[in-house]
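To start, the structure under review is shown below, and the notes come after it.
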Amino acid sequence: MESICPDMQFKSLYDIQPEDLLKRDIRLLILDLDNTVSPYKVDKVTEKAYIWASAMKKAGITLFIVSNNRGRRPECFADQLGVPYINRAGKPSPRGVQEAMAYAGVPRENTALVGDQIYTDMLCARLAGVTAILVEPIKFTYPWLQWRYWLETPFRKTKDTKKEKSND
Ligand SMILES: [Mg+2]
């Protein structure tokens, strides 16, 4: 059970600051798309997302979208944010993360995956051997999502990085 608990937890993707990653030597941040960067069904990047991505890139952190989405959303967001992407990644398969690391030339010790789901994103990070960062889902668009997140509750409450952060 401990094995799929996240290494770090934040309320939102946009609460992660470059220094949170740099102090752990993270240089490649792999992003889940749906409900991490943006809610389902939304195709437009917000100004907040754009500013956040720019700050990460300026700090020398490479961003890469690895999504299980089968539609055009990953491409759409990747274009708007100016980051590479892989769709239909089949997480928790580590394949997408491995491709992203090969593309960026960054080893697993310096890579993190951030996502909103335990059984896809956090398990994928574990299988790929990278740092696992959990965020809360942006929005419950579908009823089945609430059920799924409820199943993940025990894993979400085990570590509180926000508390750890405030003690720094
Ligand atoms: Mg997601």
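Compute a Gaussian network model of the chain, connecting alpha carbons closer than 10 Å, and tell me which residue from T120, T153, T46 fluctuates the most. The residue with the greatest mean-square fluctuation here is T153.
Backbone phi angles across the stretch 62-79, fed through the Karplus curve with coefficients 6.51, -1.76 and 1.60 (θ = phi - 60°), yield HN-Hα couplings of 7, 9, 8, 8, 10, 10, 7, 4, 9, x, 9, 4, x, 5, 4, 5, 4, 4 Hz in residue order; Gly and Pro are listed as x. Applying 0.36 nm per residue to the separation of Q80 and L22 and subtracting their alpha-carbon distance, the gain on full extension is 18.4 nm. Residues whose amide H comes within less than 5 Å of that of V83, counting only those at least five positions distant or on another chain, are absent (H built at 1.01 Å from N in the peptide plane). Cross-link pairs exceeding 21 Å in C-alpha to C-alpha distance, out of K11/K58; K11/K139; K23/K48, comprise K11/K58; K23/K48. With Cα atoms as the point set, the chain shows a radius of gyration and Dmax of 14.5, 42 Å.
No lab work stands behind these numbers, since they all come straight from the coordinates. Remember, predicted model here, so these are calculated numbers, not experimental data.
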